[in-house]
Amino acid sequence: MGQSFSEWVSKASNFVWGPPLLILLVGTGIYLTVRLGGIQITKLPYALKLAFSKNQDQSSKGDISHFQALMTALAATVGTGNIVGVSTAVVLGGPGAIVWMWVSGFFGMATKYAEAVLAVKYRVTDERGQMAGGPMYYLERGLNQRWLAVAFAAFASIAAFGIGNGVQTNSVALALKTTFDVPLYISGILIMIFTGAVILGGVRSIGKVVSYFVPVMIAFYLGSGLIIMVMNYSLIPDAFALIFSSTFSAEAIGGGAIGAAIRYGVARGVFSNEAGLGSAPIAAAAAKTDMPGRQALVSMTQVFLDTLVVCSVTGLTLVMGGQIGTGLEGVELTSATFELFLGPAGGYIVTIGLVLFAYSTVLGWSYYGERSIHYLFGQKSILPYRIAFVLVAGLGAMTTNLNLVWALSDVFNGLMAIPNLIGLLFLSGVVIAETKRFNQQLEIENRKVS
């Protein structure tokens, strides 16, 4: 019975994450890109300046700064997918999968922008004076479809315990066990302590921790990858040539390889940056901002940093290493590649990166799940949820096999996207109107400066 159930869950996961959803996710991004006039190009410099400015908005309504909201969202998305997901994509789809990861990331920036506009516009103040927003609120208040809002919140709250918690802490514990021989129960106890210490303080506590933790974490991993590229710069042109030839050559198109590249490149790109899934706008809604468009631009940079920067470093390094197709996959392929270039230290870098990325995902998703549970059951559910989340974090670390949990959470993670994308498409007119309003405000601000 257990095996047949596992097979059923695996089939459900393949169905949910099949071509229809991937086409809908990327198609929504293309549609929004056209309607927004390529905002991910025209406004990216300003968006990055806004995200990393020292003068963050502190006077507007909200619980955390632009930067803290961005770091909370990055904490959730810069995870095992940036290390394991990219290597899986290039093994199953070939080097050409990286191009389609870039494509999904580019159009995903427009999707993420739209999500954040709606999240801030339709957010509410809860009974404790904190901001509450995300797809459940714009589906209910903007689209007047509470049943879709409830469906999204239910899917998100379940996914939070799996893909945002247990499977992540399991990756941490197994990596520490393999590399440093740390017993699983020790990892479990430490994870519970560190997770509980942060999330029991709520979004302000999470925002403060990730605003320091996430930049250091990304700089550590990115810095290592960039060192490899600088030391082996002569391999970079050939790596790009292989990536593009694997994508657009007559052989790739005629042999059907392009289909696999698109499927796995897009899937892993979306899986990494979560554009269209509806998770990140929950963090965007907590930001201190005077207009939806301003925070939306900051949120848009999350996809740029996650997919077009971090995933690209992993992907290029893997292609430069030339070990794709040797039978290695997942974290083993990434570790072997880093070791090839940096010696034994490379393996330690990947392990430490995996631990930091997975732990940050737990912190980010703890907030997504909390807001979803709050929407469904109110303030009284928050403390029990936080306690349960901490316990699941520890149990996940101490379990040796979470394949079924991973597959189940994968299903619910994908199901989140369906009500969210319905909301984005039907409320796209609101996104356009808010964008025009914000652009007018920017013109006024620019005139004052000049």
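The values are calculated or read from the model by the stated rules, or taken from the named source; none is laboratory data. It should be emphasised that the depicted structure is a prediction, and the values quoted were computed from it without experimental measurement. Please note: Cβ atoms are built from the backbone with ideal geometry, for glycine as well, and neighbour counts cover all protein chains shown. These accessible areas exclude ligands, DNA and RNA; they are computed on the full protein's heavy atoms, side chains included. Shrake-Rupley method; radii C 1.70, N 1.55, O 1.52, S 1.80 Å.
For segment 382-400, filtering for residues that are surrounded by 17 or more Cβ atoms within 10 Å (Cβ to Cβ) and farther than 16 Å from L174 by Cβ leaves 6.
Every condition in (1) under 24 Å from V270 (Cβ atoms); (2) modelled with pLDDT of 95 or more; (3) open to solvent by 10 Å² or more (accessible area, probe 1.4 Å) is met by F412 except one, and the failing one is (2). Taking helices (runs of 4 or more DSSP H) as the structural unit, those lying wholly within segment 347-450 and holding at least 2 residues that are farther than 21 Å from M136 by Cα and over 22 Å from the mean Cα position of the chain (by Cα) correspond to 382-398, 428-449. Of all residues in segment 192-234, those being in contact (Cβ under 8 Å) with a residue 24 or more places away in the chain and either within 22 Å of A345 (Cβ to Cβ) or under 21 Å from the mean Cα position of the chain (by Cα) (or both) number 28.
Any residue in segment 425-447 that is at pLDDT below 80 and open to solvent by 10 Å² or more (accessible area, probe 1.4 Å)? Looking through segment 425-447, none of the residues is at pLDDT below 80 and open to solvent by 10 Å² or more (accessible area, probe 1.4 Å).
Within segment 148-162, can one find any residue that is open to solvent by 10 Å² or more (accessible area, probe 1.4 Å) and farther than 28 Å from T80 by Cα? Taking every residue of segment 148-162 in turn, at least one turns out to be open to solvent by 10 Å² or more (accessible area, probe 1.4 Å) and farther than 28 Å from T80 by Cα. The residues of segment 276-288 include none that are open to solvent by 10 Å² or more (accessible area, probe 1.4 Å) and within 15 Å of G79 (Cβ to Cβ). Within segment 95-129, the set of residues being assigned to a loop (DSSP other than H, G, I, E, B) and surrounded by fewer than 18 Cβ atoms within 10 Å (Cβ to Cβ) comprises D126, E127, R128, G129. Quick check on L48: is it at pLDDT 90 or above, more than 22 Å from A286 (Cβ to Cβ) and of a type in the set (A, V, I, L, M, F, W, C)? So L48 does not fit the description; no. Residues that are under 26 Å from E370 (Cβ atoms), open to solvent by 30 Å² or more (accessible area, probe 1.4 Å) and touching a residue at least 24 places away in the same chain (Cβ under 8 Å) within segment 172-190 comprise just one, I189. Highlighted here are the helices (runs of 4 or more DSSP H) found entirely within segment 1-86 that include at least 2 residues which are within 18 Å of V270 (Cβ to Cβ) and open to solvent by 50 Å² or more (accessible area, probe 1.4 Å): 2-16, 19-35.
Exactly one residue among V91, V117 is within 30 Å of L333 (Cα to Cα) and either modelled with pLDDT under 95 or aliphatic (A, V, I, L, M) (or both), and that residue is V91.
Taking the conditions (1) part of a helix (DSSP H, G or I); (2) within 20 Å of R268 (Cα to Cα) in turn, V298 satisfies each one other than (2). Checked against the criterion of being among the hydrophobic types (A, V, I, L, M, F, W, C), touching a helix residue (DSSP H, G or I) at 6+ places or on another chain (Cβ under 7 Å) and either modelled with pLDDT under 90 or not in a helix (DSSP H, G or I) (or both), the candidates V331, V310, V319 yield just one match: V331. Only a single criterion out of (1) under 16 Å from the mean Cα position of the chain (by Cα); (2) open to solvent by less than 10 Å² (accessible area, probe 1.4 Å) is not satisfied by V90, namely (1).
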